[in-house]
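Engineer: Have a look at this one before I ask anything.
The values are calculated or read from the model by the stated rules, or taken from the named source; none is laboratory data. Computed from a predicted structure; not experimentally measured. Because the Cβ atoms are built from the backbone with ideal geometry, glycine has one as well, and the counts that use them run over all protein chains shown.
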Amino acid sequence: MDPWVQAGAAEIARRAVRELEALVAVSSPSGDVHGAEECAAVCAALLPDEAEIERIPCSSPGHAPDLLARLTGTGTKRILLLGHLDTVVAHADHRPLARAGEKLVGSGSVDMKGGVVLSLGAMRQLARRPQDYAEVALLVVCDEEWRRGPLAHVQRFAGWDACLCFEGGERTPDGDDGVVVRRKAAGTIKVVAHGRSAHSGSAPDRGRNALLALGEAARAVAACHDPGGFSQLTAVPTVLHAGDAFNVVPGRGELYCDLRADEIDAIEAVLAAIPAEHGGVRLEAELIRRWPGMHSEAAVAGLLERATAALGRPIVPRGRGGASDASHVASAVPVTVDGLGPRGGAAHNPDEFVLEASLASRAEVALAMIAGALAD
């Protein structure tokens, strides 16, 4: 293993549990300004003194500013490290970090405060070798989990040499370290039903039942589900709201569906399968969230070879279905790799965790990838 990778990763790992505890202690559901500001303050305290810190407008209105930290050097390469601080966990359900055997359990631990901790450690290591780069930037955003539109900062980094994103890491079935070079496109369909309210006891037939119509829309979306097909499309109705009282025909309602596919075109085609009307209820369907796919396999092949040599063990390219900001950046920075964070599981669930032992091994992977990206 490259001596810089080995020594740097050991130093990052020694501090990682305490730093993860500090970040997870802050409840930061997407859109909560106070939580985001507190997390940003923790990150600023953990960055090297050499870093120039900016707060730049978030892509989503009403959110706290994103954090951008920059190191400048005398070399030629420009590398972006990427992460997010927001979670999907409401304040009432937040869990601070606690050890449970080999696991560090806590809200947002693997998605993705564990990765942010490794990226902060990488910045501290890079601050000591400014001769190897022209610029290294760490962008940590506050809205990744719920953003509907594009990532506003993409063009700022167009033409940079590499983007390394620190979403949760993984292993192959053979036990090798994996990084993500391919991601599905993601989309959210919203269906609004416009029916007619009526008393469900005395005049039920005067109503136009929005709930039943949305059920038909949900069945239409689910019928498109074809994960084994050409586009590997997953189409899953996830949230349904209709009605305000048990004795009233619901006159209005909303349905949300989560879709993933190799390309965004397959997701947009699902809209055509939703009827415009059912049982006298008008249905309005729109794709309110569009995230592109990421296909970096060819562009990162050389980087993976160099990183594998620096690590002294294989780094294997992998695909993943979940969405990530790396997919946005890949359109402007072809050499984009994701999944550099620690290994864990149960993301978005009460028992979300990071495997403590992986903090060291994944720090090694991250620094090896950085060394490979900086190499000529």
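Engineer: Please give the helices (runs of 4 or more DSSP H) falling wholly within region 254-333 in which 3 or more residues are assigned by TED's automatic domain parsing to the domain that holds Ser59.
Structural biologist: Those helices (runs of 4 or more DSSP H) span 301-311, 325-329.
Engineer: Only one of these conditions is not met by Asp49: (1) part of a loop (DSSP other than H, G, I, E, B); (2) surrounded by 15 or more Cβ atoms within 10 Å (Cβ to Cβ); (3) not hydroxyl-bearing (Ser, Thr, Tyr). Which number is it?
Structural biologist: (2)
Engineer: Evaluate region 256-271: report whether one residue or more is of a type in the set (Val, Ile, Thr), surrounded by fewer than 17 Cβ atoms within 10 Å (Cβ to Cβ) and under 28 Å from the mean Cα position of the chain (by Cα). Quick ask: steps written out before the conclusion?
Structural biologist: Start the filter on region 256-271 by keeping residues that are of a type in the set (Val, Ile, Thr), which leaves 264, 267, 270.
Filter once more, keeping what is surrounded by fewer than 17 Cβ atoms within 10 Å (Cβ to Cβ): none.
The answer is no, given that none of the residues of region 256-271 is of a type in the set (Val, Ile, Thr), surrounded by fewer than 17 Cβ atoms within 10 Å (Cβ to Cβ) and under 28 Å from the mean Cα position of the chain (by Cα).
Engineer: For region 106-117, give me the residue count where each residue is touching an Asp or Glu at 6+ places or on another chain (Cβ under 8 Å) and part of a helix (DSSP H, G or I).
Structural biologist: Looking only at that region, the number is 6.
Engineer: In region 238-253, how many are polar (S, T, N, Q) and either in contact with a His (Cβ under 6 Å, 6 or more places away or on another chain) or not in a loop (DSSP other than H, G, I, E, B) (or both)?
Structural biologist: Our first condition is that a residue be polar (S, T, N, Q); within region 238-253, this holds for 238, 247.
Filter again for either in contact with a His (Cβ under 6 Å, 6 or more places away or on another chain) or not in a loop (DSSP other than H, G, I, E, B) (or both), leaving 238.
Matching residues across region 238-253 total 1.
Engineer: Right, something else. Please find, among Arg14, Arg70, Arg55, the residue that is assigned by TED's automatic domain parsing to the domain that holds Leu120 and either of a type in the set (Phe, Trp, Tyr) or more than 22 Å from the chain's Cα centre (by Cα) (or both).
Structural biologist: Values: Arg70 fails: either of a type in the set (Phe, Trp, Tyr) or more than 22 Å from the chain's Cα centre (by Cα) (or both); Arg55 fails: either of a type in the set (Phe, Trp, Tyr) or more than 22 Å from the chain's Cα centre (by Cα) (or both).
Testing whether each residue is assigned by TED's automatic domain parsing to the domain that holds Leu120 and either of a type in the set (Phe, Trp, Tyr) or more than 22 Å from the chain's Cα centre (by Cα) (or both) leaves just Arg14.
Engineer: Step by step: first the residues of region 34-69, then only those that are among the β-branched types (Val, Ile, Thr) and free of Cβ contacts under 8 Å to residues at least 40 places away in the same chain, then the one that is farthest from Leu82 (Cα to Cα). Which residue is that?
Structural biologist: Within region 34-69, the subset among the β-branched types (Val, Ile, Thr) is 42, 53, 56.
Next, only the ones that are free of Cβ contacts under 8 Å to residues at least 40 places away in the same chain stay: 42, 53.
Details: Val42: 17, Ile53: 15 Å.
Filtering first and then ranking leaves Val42.
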